[in-house]
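Asks: One structure coming up, written as structure tokens, with questions to follow.
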Amino acid sequence: MAVTSPQHVQQLPLGLDSRFLKGPFPDTKYMGSKQALLPFILGHVSELRFNRALDAFSGSGCVGYALKELGAEVHANDFLRFAFHIARATVENNGTVLTKMDTTALIRPNSKARTFIRDTFGNLYFSDEDNEFLDNLWTNIEELKSPLKRSLALAAACRAAMKKRPRGIFTFTGKKGWDGRLDLKLSMKTQFLDAVDKLNVAVFSNGQKNKSFCQDVFDIDPRGYDLVYIDTPYISPFSDCDYTRRYHFVEGYCTYWKDAEIMPETTTKKIRSYSTAFASKSIALISFSRLFEHFRRSTLVVSYSSTGIPSKTQMVQLLKAVKRSVRVHEINHRYCHGNHNHKVGDNNNFVKEYLFVAT
């Protein structure tokens, strides 16, 4: 398949490890984030020719942002609302920042502030002071008129909450995993203000009309994308791919739990997990086949792990069913987070990271 000739895309020499390791995009605390793998991914992506790219499962947003840095028109999608707000704040957003006046308004005491977080999640994740700050902050975020500023504020609030949790997740309660790290000691207010500063710095224009979505990937019109980057949630023998369970608190916060079903029988007060076509071994092959077929007109770039289900061989077969050429690149990698406490530091965190490039 021939893709259109790039007008803005710059060529990145294979193996370059400069700004893509220490660029303006904030460091991520997101399970499965590809931030540390950006030199590997972009070294191969830069060899391709494309004008418009879709980051179909944007997650932490770092890959979509890096594609934006390359000069492409980038569309970023994720079914999680908090991931959508990160993408809208950093990928879609070409110039809006939170000003000093905005920040002052966001942290001011608001007499209309509700107490849902303090009442529902007291003593589970954060101190009373931090819970009250988040309750008050939400009310002030609602008063922002700009959708981009709301996304910036929500992305900063989610970042602050994740930085205040060991491993950044909400699958356990109390002080388990707490140590002497500064992130856990700083107040939620301090973390929020720091996150605002970091996100503001990340805002830039690449001269393109970038967009962000919060949709089921199969509902996206596949036409018009020269390149589709795919990093789905995927299961392995060592973990599930239930990102709602891991990040339910920040996901709920993005709507202040409107229409969210909190499961009171759980100690974590998590919301009911969203269904995903990639969560079950029995339908994983069918789901990937359907996904590749959906975007068959585009160059497909797929990040994957040696521990994933389906296997590497099966993934190549599925891609070859819709594309003429499939190249597989690989690199040794260690993920920083274990999905469960007993797996932290386990050798199963060491994997081969694959990048399938199908043209």
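The values are calculated or read from the model by the stated rules, or taken from the named source; none is laboratory data. Quick caveat: nothing in here was measured; it's all calculated off a predicted structure. Cβ sites come from the backbone with ideal geometry, for glycine too, and all protein chains shown count toward neighbours. Ligands, DNA and RNA are stripped out before the accessible areas are found, and what is left, the full protein with its side chains, is counted by its heavy atoms. Shrake-Rupley method; radii C 1.70, N 1.55, O 1.52, S 1.80 Å.
Asks: Can you pull out every residue in the stretch 219-240 that is modelled with pLDDT under 95 and open to solvent by 60 Å² or more (accessible area, probe 1.4 Å)?
Replies: Once the filter is applied, which keeps residues that are modelled with pLDDT under 95 and open to solvent by 60 Å² or more (accessible area, probe 1.4 Å), the stretch 219-240 yields Pro237, Phe238.
Asks: Do we have any residue at all in the stretch 140-148 that's of a type in the set (Val, Ile, Thr), surrounded by fewer than 19 Cβ atoms within 10 Å (Cβ to Cβ) and assigned to a helix (DSSP H, G or I)?
Replies: Taking every residue of the stretch 140-148 in turn, none turns out to be of a type in the set (Val, Ile, Thr), surrounded by fewer than 19 Cβ atoms within 10 Å (Cβ to Cβ) and assigned to a helix (DSSP H, G or I).
Asks: Out of the residues in the stretch 278-306 that are open to solvent by 30 Å² or more (accessible area, probe 1.4 Å) and part of a loop (DSSP other than H, G, I, E, B), which is nearest to Ile169 (Cα to Cα)?
Replies: We begin by selecting, within the stretch 278-306, every residue open to solvent by 30 Å² or more (accessible area, probe 1.4 Å); these are 279-283, 285-286, 289-290, 293-294, 296-297, 306.
Adding the requirement that they be part of a loop (DSSP other than H, G, I, E, B) leaves 279-280, 296-297, 306.
Numbers: Ala279: 19, Ser280: 22, Arg296: 35, Arg297: 37, Ser306: 24 Å.
So the residue we want is Ala279.
Asks: Can I ask one more? If I ask for residues that are open to solvent by 10 Å² or more (accessible area, probe 1.4 Å), assigned to a helix (DSSP H, G or I) and within 15 Å of Phe204 (Cβ to Cβ), which ones from the stretch 49-81 would you list?
Replies: Matches in the stretch 49-81: Glu69 only.
Asks: Suppose the filter is touching a residue at least 40 places away in the same chain (Cβ under 8 Å), within 23 Å of the chain's Cα centre (by Cα) and surrounded by 17 or more Cβ atoms within 10 Å (Cβ to Cβ); does Leu106 pass it?
Replies: Against the criterion (touching a residue at least 40 places away in the same chain (Cβ under 8 Å), within 23 Å of the chain's Cα centre (by Cα) and surrounded by 17 or more Cβ atoms within 10 Å (Cβ to Cβ)), Leu106 does not qualify.
Asks: Given the options Gly32, Gly43, name the one that is small (Gly, Ala, Ser), open to solvent by 10 Å² or more (accessible area, probe 1.4 Å) and closer than 22 Å to Val328 by Cβ. Show your work before the answer.
Replies: On the way: Gly43 fails: open to solvent by 10 Å² or more (accessible area, probe 1.4 Å).
The match here is Gly32.
Asks: Another question, if that's okay. Can you spot a residue in the stretch 251-261 that is under 26 Å from Pro222 (Cβ atoms), open to solvent by 80 Å² or more (accessible area, probe 1.4 Å) and either at pLDDT below 95 or of a type in the set (D, E, K, R) (or both)?
Replies: No, the stretch 251-261 has no match at all.
Asks: Which of the residues spanning the stretch 267-277 are farther than 26 Å from Pro147 by Cβ, modelled with pLDDT of 95 or more and either hydrophobic (A, V, I, L, M, F, W, C) or open to solvent by less than 40 Å² (accessible area, probe 1.4 Å) (or both)?
Replies: Thr268, Lys270
Asks: I need every pair where a residue in the stretch 61-85 that is on the phi > 0 side of the Ramachandran plot has its Cβ under 8 Å from the Cβ of a residue that is among the hydroxyl-bearing types (Ser, Thr, Tyr) and buried (at least 24 other Cβ atoms within 10 Å of the Cβ), sequence separation at least 6 or different chains.
Replies: Filtered contacts from the stretch 61-85: Gly61/Thr90.
Asks: Give the stretch 219-265 a look and list any residue that's touching a strand residue (DSSP E or B) at 6+ places or on another chain (Cβ under 8 Å), among the small types (Gly, Ala, Ser) and touching a residue at least 40 places away in the same chain (Cβ under 8 Å), or say none.
Replies: Answer for the stretch 219-265, where residues must be touching a strand residue (DSSP E or B) at 6+ places or on another chain (Cβ under 8 Å), among the small types (Gly, Ala, Ser) and touching a residue at least 40 places away in the same chain (Cβ under 8 Å): Gly224, Ser236.
Asks: Report, by residue number, each residue of the stretch 333-357 that is within 27 Å of Gly177 (Cα to Cα) and either at pLDDT 90 or above or in contact with a strand residue (DSSP E or B) (Cβ under 9 Å, 6 or more places away or on another chain) (or both).
Replies: Within the stretch 333-357, His333, Arg334, Tyr335, Gly338, Asn339, His340, Lys343, Asn348, Asn349, Phe350, Val351 meet the criteria.
Asks: Within the set of pairs 6+ apart or on separate chains, which have a first residue in the stretch 201-218 that is over 11 Å from Thr90 (Cα atoms) and surrounded by fewer than 16 Cβ atoms within 10 Å (Cβ to Cβ), a second that is modelled with pLDDT under 95 and of a type outside the set (D, E, K, R), and C-beta atoms under 7 Å apart?
Replies: Short answer, once both residue conditions are applied: Gly207/His8.
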